[in-house]
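Trainee: Structure provided below as structure tokens; questions to follow.
The values are calculated or read from the model by the stated rules, or taken from the named source; none is laboratory data. Remember, it's a predicted structure, so these values are computed and weren't measured experimentally. All Cβ positions, glycine included, derive from the backbone under ideal geometry; neighbour counts span all protein chains shown. Ligands, DNA and RNA are excluded from the accessible area calculation, which covers all protein heavy atoms including side chains. Shrake-Rupley method; radii C 1.70, N 1.55, O 1.52, S 1.80 Å.
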Amino acid sequence: MIVALAGGVGAARMLRGIVAIANPSEVTAVVNTGDDTVMHGLHISPDLDTVTYTLAGKINPETGWGLVDETWSAMAELRAYSQGRMGWFNLGDRDLGTHLYRTSRLTEGATLTEVTAEIAARWGLGVRLLPMSDDRVETRVVVMEAGGAQEIGFQDYFVGRHHDVAVTEVRLAGIESASAGPDVLDCIDQADRIVICPSNPIVSIGPVLATGGIGAAVANRRDFTVAVSPIIAGKALKGPADRMLAALGHEASVVGVARMWAPFASALVIDELDAGRAGEVEAAGIRPIVAPTVMSGPDEAAALARVVLRARHETA
Ligand code: GDP
Ligand code: CA
């Protein structure tokens, strides 16, 4: 079994590559739910949805999130009712069906793990998707604004403020009492290969590793764990990962990523553009594997997956 620790876009691309070369029924993704939010009474799970829609081949290519062939009538009505106050977080008409279903099932008493399996089944995903937890863990961001430091929800930062404000701290509300989702720790214990996907280390992989013993379980399987750097030549391909790393005292480079993942993974795939830093990665205590890591399409993703899955076990 292959277990992938996943955020949104980078992980979805990695998983698409993995299922192109491995049997999807052998793949389990443990997905970040720290970005989850309640909007207009609906439970939204952005990373679970990005992974689901991408693996279903239905991700919206124009936005990079949400469903393909989307319409936006409900949002237009919401904006009209609220004179534009509501509707800053875009939810397409088709996508709303997912959120209505998830919220209804949670209200009926189903767990997020159960609903996620139902949604994955509807889209015919062969991969098993496990939320990192059925408990609420909420990623909170402290940002510097004109009035001083302010703690806001992740979507207020990411979407509401277009992640272009300075971050001074990231907090995971509820993390102390959150347990890993059912089966998550067992899957990690039994995996033949664990992949830390190229997702935002601070707000996507960080919450997964911080939840209910997941980090300790992965560290325990370090020899079987391979990470892929989301940072290429000092930059994130998309989003604030590079700025966030720097703001929180990490180096925004493959070396910074190496230092973060060395306790958890025995190998780190870094991009060819970072080949010159392989020695520093090694010195951080993690074996560098240099390969093309930009998954611009399915072929590139499959090629990267091949590198990741073939990486020899450090000791085994
Ligand atoms: P989000 O939840 O949708 O923001 O996505 P993630 O948590 O997966 O984080 C986005 C990160 O994925 C960024 O840091 C990107 O640099 C990284 N990423 C996206 N696509 C790729 C890719 O093709 N290759 C690599 N190496 N990283 C990627
Ligand atoms: Ca995310």
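Trainee: For GLY148, work out the one condition from (1) of a type outside the set (S, T, N, Q); (2) away from ligand 1 (no atom under 15 Å from the Cβ); (3) buried (at least 19 other Cβ atoms within 10 Å of the Cβ); (4) at positive phi it doesn't fulfil.
Mentor: In the conditions (1) of a type outside the set (S, T, N, Q); (2) away from ligand 1 (no atom under 15 Å from the Cβ); (3) buried (at least 19 other Cβ atoms within 10 Å of the Cβ); (4) at positive phi, GLY148 misses (3) alone.
Trainee: Looking at (1) within 16 Å of ligand 2 (Cβ to nearest atom); (2) more than 18 Å from THR28 (Cα to Cα); (3) open to solvent by less than 60 Å² (accessible area, probe 1.4 Å), which is the one condition that is false for SER229?
Mentor: Status for SER229: all satisfied but (1).
Trainee: Still on this structure: Condition check: away from ligand 1 (no atom under 11 Å from the Cβ), touching an Asp or Glu at 6+ places or on another chain (Cβ under 9 Å) and open to solvent by 10 Å² or more (accessible area, probe 1.4 Å). Does ASN60 satisfy that?
Mentor: In short, yes.
Trainee: Separate question: Can you confirm whether the range 126-135 contains a residue that is surrounded by fewer than 15 Cβ atoms within 10 Å (Cβ to Cβ), in the same structural domain as ASP49 (by TED's automatic domain parsing), in contact with a strand residue (DSSP E or B) (Cβ under 8 Å, 6 or more places away or on another chain) and farther than 20 Å from ALA11 by Cα?
Mentor: Checked the range 126-135: no residue is surrounded by fewer than 15 Cβ atoms within 10 Å (Cβ to Cβ), in the same structural domain as ASP49 (by TED's automatic domain parsing), in contact with a strand residue (DSSP E or B) (Cβ under 8 Å, 6 or more places away or on another chain) and farther than 20 Å from ALA11 by Cα.
Trainee: Return yes or no: is ALA11 in a helix (DSSP H, G or I) and either within 23 Å of ALA178 (Cβ to Cβ) or within 16 Å of ligand 1 (Cβ to nearest atom) (or both)?
Mentor: Considered against the rule, which asks whether it is in a helix (DSSP H, G or I) and either within 23 Å of ALA178 (Cβ to Cβ) or within 16 Å of ligand 1 (Cβ to nearest atom) (or both), ALA11 comes out as yes.
Trainee: Go over the candidates PRO263, PRO230, PRO207 one by one and state the one that is within 30 Å of GLN190 (Cα to Cα), in contact with a Leu (Cβ under 6 Å, 6 or more places away or on another chain) and modelled with pLDDT of 95 or more.
Mentor: PRO207
Trainee: Taking ALA258, is it crowded, with 20+ Cβ neighbours inside 10 Å and either touching a residue at least 40 places away in the same chain (Cβ under 8 Å) or part of a strand (DSSP E or B) (or both)?
Mentor: Taking the combined requirement at face value, the residue does not satisfy it.
Trainee: Output the residues belonging to the range 209-249 that are within 10 Å of ligand 1 (Cβ to nearest atom) and within 13 Å of ALA4 (Cα to Cα).
Mentor: Within the range 209-249, VAL228 is the sole residue that qualifies.
Trainee: Let me ask something else about it. If ALA278 meets every condition in (1) under 24 Å from HIS163 (Cβ atoms); (2) in a helix (DSSP H, G or I) apart from one, which number is that one?
Mentor: All conditions pass for ALA278, except number (1).
Trainee: Output the number of residues of the range 90-119 satisfying the condition of being of a type in the set (D, E, K, R), out of contact with any strand residue (DSSP E or B) (no Cβ under 9 Å at 6 or more places or on another chain) and under 15 Å from PRO46 (Cα atoms).
Mentor: Qualifying residue count for the region: 0.
Trainee: Right, another one. Could you check how many residues of the range 28-45 are of a type in the set (S, T, N, Q) and open to solvent by 20 Å² or more (accessible area, probe 1.4 Å)?
Mentor: Qualifying residue count for the region: 1.
Trainee: Might you check whether a residue that is open to solvent by 30 Å² or more (accessible area, probe 1.4 Å) and not in a helix (DSSP H, G or I) occurs anywhere in the range 110-121?
Mentor: Scanning the range 110-121, I find at least one residue that is open to solvent by 30 Å² or more (accessible area, probe 1.4 Å) and not in a helix (DSSP H, G or I), so the answer is yes.
Trainee: Inside the range 166-203, can you point out the residues that are within 16 Å of ligand 1 (Cβ to nearest atom) and either free of Cβ contacts under 8 Å to residues at least 60 places away in the same chain or among the small types (Gly, Ala, Ser) (or both)?
Mentor: If the condition is that a residue be within 16 Å of ligand 1 (Cβ to nearest atom) and either free of Cβ contacts under 8 Å to residues at least 60 places away in the same chain or among the small types (Gly, Ala, Ser) (or both), then SER199, ILE202 are the ones that fit.
Trainee: Suppose we filter the range 122-140 for residues that are touching a residue at least 60 places away in the same chain (Cβ under 8 Å) and either in a strand (DSSP E or B) or of a type in the set (Lys, Arg) (or both); how many remain?
Mentor: 7
Trainee: Inspect all residues belonging to the range 174-193 and state whether any of them is at pLDDT 95 or above, closer than 23 Å to LEU304 by Cβ, away from ligand 2 (no atom under 16 Å from the Cβ) and under 16 Å from the mean Cα position of the chain (by Cα).
Mentor: The answer is no; no qualifying residue exists.
Trainee: Restricting the first residue to the range 229-243 and requiring it to be at positive phi, which pairs with a second residue that is more than 8 Å from ligand 1 (Cβ to nearest atom) and open to solvent by 60 Å² or more (accessible area, probe 1.4 Å) meet a Cβ separation below 7 Å and a spacing of at least six or different chains?
Mentor: Pairs that qualify, where the first residue is at positive phi and the partner is more than 8 Å from ligand 1 (Cβ to nearest atom) and open to solvent by 60 Å² or more (accessible area, probe 1.4 Å), are ALA233/LEU273.
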